[in-house]
Every structure is written in structure tokens, then in C-alpha cells.
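Have a look at the structure below, then the notes.
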């Protein structure tokens with residue numbers, strides 16, 4: 001049955017009524033099933049994902065009549081990321097001098113909190129470089145000076161603009177440059193991701209009185225619409241895996257809705273996340289929509305395991321194995337073990353199973369934050385990824401059959 005986007009937004013935020021048989025009364029009763037922790041929505045480009053996120057925001061947190069309401073990522077009950085999030089950032093291209101293009105940040109509560117109060121600029125930079133280039137460096141204007149009425153110098157924490165440069169490793173850089181649209185989107189996502197990480201950590205403290213801030217106590221939903229534009233497959237998978245880890249770390253009642261048009265992004269989240277409900281969003285010629293729940297094998301039509309194998313093979317071939325490839329390798333072992341009926345994926349490992357298991361777990365358990373010790377894979381560890389992938393493909397009939405049919 002076709003619906004408006006407003007009706008679909010209500011469907012996503014309303015407990016589902018299900019019928020349940022009560023044995024002692026030998027009759028069916030209706031009960032409300034809670035809104036799922038995670039709702040994952042696939043839709044082709046142009047269907048209406050961004051408009052759905054806006055309708056959901058209007059439903060959960062209607063805009064106040066106050067014309068002076070400052071722009072922010074959220075109203076009290078919902079934090080959202082979509083194409084309009086990027087409107088908080090705009091370029092000053094320095095047309096007169098053409099020397100210092102700057103990305104301006106419009107004042108808003110949450111970027112102020114994450115940058116000024118939490119001092120998370122270094123983690124934002126690390127997350128951004130992980131998705132782009134480790135030499136491409138954002139430079140925040142952390143403070144500026146002015147004189148007060150008495151002529152005294154006053155220092156203000158700013159974080160109101162960002163410049164970008166390519167660091168050469170010899171204390172020199174390329175000078176200021178304007179980054180691409182894809183890199184700009186990755187930078188804005190890195191701010192959102194770091195913000196979300198901090199919010200989840202705050203809300204994971206079950207006692208509100210013990211939280212470092214109470215400004216998120218009313219937050220109910222996080223709506224994320226397609227954060228993967230212009231990313232190559234390697235970085236797309238890394239973003240998806242990190243997002244899934246972040247969502248799984250949430251211990252509060254916070255609920256997540258993620259929409260995407262990208263099959264690979266959808267599959268990584270589908271395979272990484274538990275306790276989720278999956279949907280397909282469709283639009284009809286009359287302008288109405290349908291949100292159809294997808295079950296079981298209908299979510300496996302994107303050949304996720306083949307994507308993982310291909311990404312690992314490319315990384316091995318070009319000697320570009322990174323930390324997240326260990327997560328993909330572990331995922332591949334888990335999926336194969338599940339298909340073949342092994343109770344533990346470690347049973348598929350070669351002879352020295354515990355040693356291999358320890359190394360994989362070490363790399364798949366580290367935090368992504370820059371202020372924690374993170375070890376990059378050594379050459380022997382990179383070679384281990386190749387060894388374990390070849391072992392899996394060459395020793396289990398599941399993969400031999402895939403090779404024959406591929």
C-alpha cells in the first residue's frame with residue numbers, strides 16, 4: 001500500500017503492533033513491538049531518502065516558531081546527517097587575493113561542543129585522513145585575538161573556519177588549497193562521526209546525574225542519510241565498519257536509522273549489525289512511496305562476501321593492507337564458518353590457530369580514536385592477511401565452488 005513520506009516517517013517511529021497467541025486464553029492478543037535499535041533502508045538514488053530524513057525530523061522535532069533559532073545538527077530529540085547538514089559549511093574562496101580559500105563553519109551548538117568544549121579537532125583530522133589522504137591536513141583557526149575596551153588582549157576560541165594543506169613531511173606544506181567536493185563531504189562526515197562517538201559515550205552513562213553534560217538526555221534518534229558519496233570501495237568499507245562498531249557500542253535507548261543507495265555500504269552494515277530491521281524504499285508514479293520490510297536471504301543479493309574477497313585481494317596485490325582489512329578478513333572467516341556450520345570461525349584457521357586468532361583480534365578490537373595507541377600492520381602482518389585469505393579460499397569447498405561459478 002502506497003504512503004506519503006510523512007506516513008513512512010510515522011511507520012519508522014511507531015511501535016509495530018503484532019498479534020500474539022496467549023495459550024491460557026487460547027486467543028490472539030495485540031501487543032506493541034518496540035521500535036528497533038537499528039533500521040536500515042536501501043533505496044535507489046533519487047527515490048527520496050533525503051526528503052524522508054527531513055520528514056522524520058519534522059515529525060520527531062517540529063521546528064520552533066522562534067525565528068532566531070540557531071542552525072544546528074539537531075533539535076532535542078534527533079541528530080541527523082544528510083545533504084542539508086553540509087549547509088552548515090560554506091567556502092570563502094578569497095576571490096580578491098586567491099591565496100587562502102577557507103571552509104567556514106556556521107555557528108551551531110554541536111560543532112561548538114565537539115570542537116571548543118571537547119577539543120576533538122585532532123580526532124576529526126585523523127578520521128578525515130583515514131577516508132582521504134594522510135597528507136591532506138585540515139587546519140582549524142583555534143583562536144583569535146582582539147583588544148577589549150581597556151586595551152587588553154583577549155583570546156577567543158574560534159573554530160569558525162578551516163583551511164586545508166598537503167603536508168610534505170619536512171615542516172613544509174603545499175599552501176592552502178580548495179579540496180574536492182568528495183573530500184569536503186568526508187570532512188563534514190568526520191565531524192559528525194566524532195560528534196556521534198562522543199554523544200554515545202555520554203549517553204552510555206546510565207545515570208543522567210553522572211554525565212558530563214545533560215544536553216543530549218532527550219536525544220532519541222540518529223538519522224544518517226548516505227554518508228558515502230565520492231568514496232572509493234576501500235574507504236567506503238572502512239567508514240561502514242567504523243559506523244557499525246560505533247552503533248554497536250551504544251548501550252542507551254538511542255535508535256539509529258541509516259539510509260543508502262550503495263549496495264556495498266548496505267551489505268557491510270547488514271552483516272555487521274545485529275538487532276536491525278531492513279527495508280526497501282520505493283517511489284511510485286503517483287508520487288507516493290512504499291517501505292517494504294526485507295527478510296533473510298533477500299538482503300544477501302549483493303554478494304557481500306565476494307566484495308570482501310575482492311577488496312582484500314586488491315589490498316594484498318598493491319601492498320596496501322591496513323588495520324581495517326583485518327576486520328574484513330575476520331568477517332569473511334565468520335561468514336564462511338556460519339555457512340559451513342562451524343560453531344567458531346577460528347576453527348577455519350591454519351595450524352597455529354591461537355596465534356593467528358590473537359593477531360586478528362588485536363587489530364579488530366582497537367579504538368579508532370587518535371589519542372589511543374594504534375599499531376599499523378607490519379610487513380609480516382600484512383603477509384599474514386594474504387596467507388589467511390589464500391588458506392580460506394584453497395581449503396574450503398564453499399570458496400572452490402564460488403571460484404568455479406564466478
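Just so you know, all these numbers are worked out from the coordinates, no wet-lab data involved. What you are looking at is a predicted structure, and each value in this text was computed from that prediction instead of being measured. Glycine gets a Cβ as well: all are built from the backbone with ideal geometry, and neighbour counts include every protein chain shown.
Summary of computed values
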| item | result |
| --- | --- |
| Fewest-first sequence of 189, 91, 345 by Cβ atoms within 10 Å of each Cβ | 91, 345, 189 |
| C-alpha center-to-center spacing [the stretch 183-207, the stretch 341-362] in angstrom | 32 Å |
| Relative exposure of 334, 347, judged by other C-beta atoms within 10 Å (fewest first) | 347, 334 |
| Computed FRET value (nearest 0.05) for residue 352 with residue 44, which takes r as the C-beta separation and R₀ as 45 Å | 0.45 |
| Neighbour-count ranking [beta-carbon atoms within 10 angstrom, fewest first] of 309, 37 | 37, 309 |
